[in-house]
Amino acid sequence: MSDDDGFISIRNVDKYFGSFQAINDISMNVGHGEFFSLLGASGCGKTTLLRMLAGFENPSSGEIFIDGQPMSQVPPHMRPVNMVFQSYAIFPHLNVRDNIAYGLRKHKLGRAERDKRVDEMLELIKLPDYGDRKANELSGGQRQRIALARALVLQPKVLLLDEPLGALDKQLREQMQLELRALQRTVGITFVFVTHDQEEALTLSDRVAVMSGGEVLQLDTPSGLYERPNSREVASFIGTMNFFEGKVTGANGQTVTVDTSGLGVLELPKSRDGLNAGDTIHIAIRPEKLDLADSEPNSGTKTVRGVLQNAAYLGERSHYFVMLEGHDTPIAVSAQNRYDGKLKAREGEAVWLAWQDEAAVILPAGS
């Protein structure tokens, strides 16, 4: 393998459980030192793929390479990987030091070397004085750090993480996201992270593979997934999105003209190849890329009149829902709550939506 093939290379991998196909011909690469996430709803195949990387399952066909070596014939305990689970699996009868050192028992290390590695891990997870604590004396966040240290002390080439923050409350989960990302940058090894939480994947990852039905729908950077989804399914899964059905009425090399439901006729930059007059497409716009006003804005932006259906105040921002003529579902608008320029319209009153051309994403119909 060349360096271009990736530190982890998944090649044409299928996985069947009886007649059910859990993984369908997946091929992708993960770079050395990359924080890579597998994102999708329950049953999409992300955990099955992670378990194949760990060696707990084998591909029905295809091959997985790690650092240039095929893994199909390598048992889990011989692979250059370690795994962290959502349940932590902290041994209650052992103190923190012994929990971290547990995996080192099979290695023929002197006590001094073993203690040195454990001390380094305690420093790394910012719990240097917790070595003698028992498991029942630890918070959820501290237990998660111990589980990470126990995996990293073995110095794996790849760390696999199966929804490791899922059992934490929201505030602690957000704190641990930042700590986990900082930890990965410090140790510099490859992390493969499984989650169903889109915000978590966007926060942590260098790249994300969005999965559904055993396939990878899109593999991209967090900003690429959010700003340039390749299908309606990806756009729906990553954040909130407004969709408008449209029919192409004209196209040239630079622009495409689309007659839409709700927004009228739009002339947009041609961001997708293969568009021809008569094609049915979707136009997608994020809520925060729409501006809302009590009166028609000045020229220079696209505008449409609507009726304010309802609003929700969420502290730093408000969410508004606007009905447009010719469109069946309310349009979501997200706006920062500033002391100036607050919307004065009440529910049932007329409002104006405005947006820039680049806010509209063209998606193929039926995607």
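None of the figures in this text is laboratory data; all of them are computed from the coordinates on show. Predicted model, so just to flag it, every value in this text is computed and none were measured. Backbone-built Cβ (ideal geometry, glycine too); neighbour counts: all protein chains shown.
Out of the stretch 121-163, which residues are assigned to a loop (DSSP other than H, G, I, E, B) and closer than 18 Å to LEU178 by Cβ? Matches in the stretch 121-163: ILE125, LYS126, LEU127, SER139, GLU163. Inspect all residues belonging to the stretch 17-40 and state whether any of them is over 20 Å from the mean Cα position of the chain (by Cα) and of a type in the set (Phe, Trp, Tyr). Yes, that holds for at least one residue. Evaluation of ILE23 against the conditions (1) surrounded by 21 or more Cβ atoms within 10 Å (Cβ to Cβ); (2) not in a strand (DSSP E or B) shows that the sole unmet condition is (2). Before we move on, is ALA335 under 29 Å from the mean Cα position of the chain (by Cα), surrounded by fewer than 15 Cβ atoms within 10 Å (Cβ to Cβ) and part of a strand (DSSP E or B)? Spelling it out, it is not the case that ALA335 is under 29 Å from the mean Cα position of the chain (by Cα), surrounded by fewer than 15 Cβ atoms within 10 Å (Cβ to Cβ) and part of a strand (DSSP E or B).
Among the listed residues LEU308, LEU343, which satisfies the condition of being among the hydrophobic types (A, V, I, L, M, F, W, C), in contact with a Phe, Trp or Tyr (Cβ under 8 Å, 6 or more places away or on another chain) and either in a loop (DSSP other than H, G, I, E, B) or loosely packed, with under 14 Cβ neighbours inside 10 Å (or both)?
Numbers: LEU308 fails: either in a loop (DSSP other than H, G, I, E, B) or loosely packed, with under 14 Cβ neighbours inside 10 Å (or both).
LEU343 is the lone residue from the list that is among the hydrophobic types (A, V, I, L, M, F, W, C), in contact with a Phe, Trp or Tyr (Cβ under 8 Å, 6 or more places away or on another chain) and either in a loop (DSSP other than H, G, I, E, B) or loosely packed, with under 14 Cβ neighbours inside 10 Å (or both).
The set of residues in the stretch 228-240 being part of a helix (DSSP H, G or I) and touching a residue at least 12 places away in the same chain (Cβ under 8 Å) consists of ARG232, GLU233, VAL234, ALA235, PHE237.
Please verify whether ILE90 is assigned to a loop (DSSP other than H, G, I, E, B), within 24 Å of GLU163 (Cβ to Cβ) and among the hydrophobic types (A, V, I, L, M, F, W, C), treating the condition exactly as stated. Answer is yes for this residue. Listed by first and then second residue, the pairs with beta-carbon distance under 8 Å, at least 6 apart or on different chains, first residue in the stretch 353-367 and in contact (Cβ under 8 Å) with a residue 12 or more places away in the chain, second outside any strand (DSSP E or B) and of a type in the set (Gly, Ala, Ser), are VAL361/ALA235; VAL361/SER271; ILE362/SER271; LEU363/SER231; LEU363/ALA235; PRO364/SER231; SER367/SER231.
Among the candidates PHE244, PHE237, the residue that is among the aromatic types (Phe, Trp, Tyr) and touching a Pro at 6+ places or on another chain (Cβ under 9 Å) is uniquely PHE237.
Return the residues of the stretch 164-173 that are in contact with a Gly (Cβ under 7 Å, 6 or more places away or on another chain) and either surrounded by 20 or more Cβ atoms within 10 Å (Cβ to Cβ) or part of a loop (DSSP other than H, G, I, E, B) (or both); say none if nothing qualifies. So that I can check it myself, show each step before the final result.
First, the residues of the stretch 164-173 that are in contact with a Gly (Cβ under 7 Å, 6 or more places away or on another chain): 167-168, 172.
ALA167, LEU168 - these are the residues of the stretch 164-173 that are in contact with a Gly (Cβ under 7 Å, 6 or more places away or on another chain) and either surrounded by 20 or more Cβ atoms within 10 Å (Cβ to Cβ) or part of a loop (DSSP other than H, G, I, E, B) (or both).
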